[in-house]
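Bear in mind that the values in this text are calculations on the coordinates, not laboratory data. This one's a predicted model, so the numbers in the text were calculated from it and none came from an experiment. Positions of Cβ are generated from backbone atoms using ideal geometry, with glycine treated the same way; all protein chains shown enter the neighbour counts.
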Amino acid sequence: MARPAIAIALPGDEQPHVVDVLKEADFEPVVVGCPGDLEALLASRHDVAVAILDGESDFDESLEYYELLHEPGRDIPALMIVSPRTLDRLSGAAGRASAYTRRPSSNAPSRRATAWPIRPSPTIPTVRSPSS
């Protein structure tokens, strides 16, 4: 059985490692460079199980991605990487997004993303990195 696709909207220096780890786990990582790319991906494929979003560099853009993931008829969970300050503001309001601060470990985003499609869960918890 084919594993689901995972949309990745991360800075260029973080993408290769996340992509490699997801491929090793037999997922299909799909890098998107802007909300329009995600919109096109979601229109063409129905197997996107989760998205990994950078909410630290451009929070407004990450909200655009998040809105696309939750348009009527869609409820795709998101892992949003944010600053510690933003994490405090999001506590309790993350819904189907899991938010954490950069860098608990080099492959933590990939490990969490690989677990979501195989673990049924109505909500995904907000977590804080050990360093915060």
Whole-Hz couplings from phi, Karplus 6.51/-1.76/1.60, listed for the range 37-54; x for Gly and Pro | 5, 5, 4, 5, 4, 5, 6, 9, 9, 10, 10, 7, 8, 7, 10, 10, 10, 8
For the pair Asp75 and Arg3, the simple spin-label estimate (label points 7 Å beyond Cα toward Cβ) gives in nm 2.5
If R0 = 35 Å, then Glu24 and Phe59, at their Cβ-Cβ distance, give a FRET efficiency to the nearest 0.05 of 0.70
Along the range 22-34, Karplus-curve 3J(HN,Hα) (6.51, -1.76, 1.60; θ = phi - 60°) to the nearest Hz, with x for Gly and Pro, reads 5, 5, 4, 8, 6, 9, 9, x, 10, 7, 10, x, 7
